[in-house]
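What follows is a short report on a single structure.
The values are calculated or read from the model by the stated rules, or taken from the named source; none is laboratory data. Please read all numbers here as calculations on a predicted model, not as lab measurements. Because the Cβ atoms are built from the backbone with ideal geometry, glycine has one as well, and the counts that use them run over all protein chains shown. Heads up: the accessible areas ignore ligands, DNA and RNA and are worked out on the full protein's heavy atoms, side chains in. Shrake-Rupley method; radii C 1.70, N 1.55, O 1.52, S 1.80 Å.
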Amino acid sequence: MKMEKIGRARLKLRLPLYRHVLSDLKSPSLNEIFVAYAEASMQLDALRSIDHPDQSLIEEYERTCREIENSIEPYLRMFRPPLTMGGR
């Protein structure tokens with residue numbers, strides 16, 4: 001699976017109210033964001049899976065993932081307001 005697809009899929013899980021928007025948007029600049037998110041979130045998973053991980057690195061990758069999520073959400077909101085969890 002391409003890194004862009006991995007990042008897009010992981011963001012859909014983290015931002016479920018914008019899944020529909022994330023599915024529809026196509027743009028080279030967004031693809032770069034998806035790749036960055038895939039790399040950061042996969043590294044975070046790898047760090048969490050080892051014995052005695054470096055907690056400061058985990059915090060750094062958590063912060064990076066949150067920053068990407070927080071930076072893309074206003075952009076997604078411009079295209080469509082979020083659906084409620086009930087789908088309305």
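Some points to look at:
- For the chain, the dipole from Cβ point charges (+1 on Lys and Arg, -1 on Asp and Glu) about the Cα centre works out to 700 debye, to the nearest 20.
- Solvent-accessible area, 1.4 Å probe, carbon plus sulfur percent, for the chain: 54 percent
- Here region 12-55 was treated as a single set of alpha-carbon atoms; its pair distances binned every 10 Å from 0 give 24, 41, 24, 11 percent.
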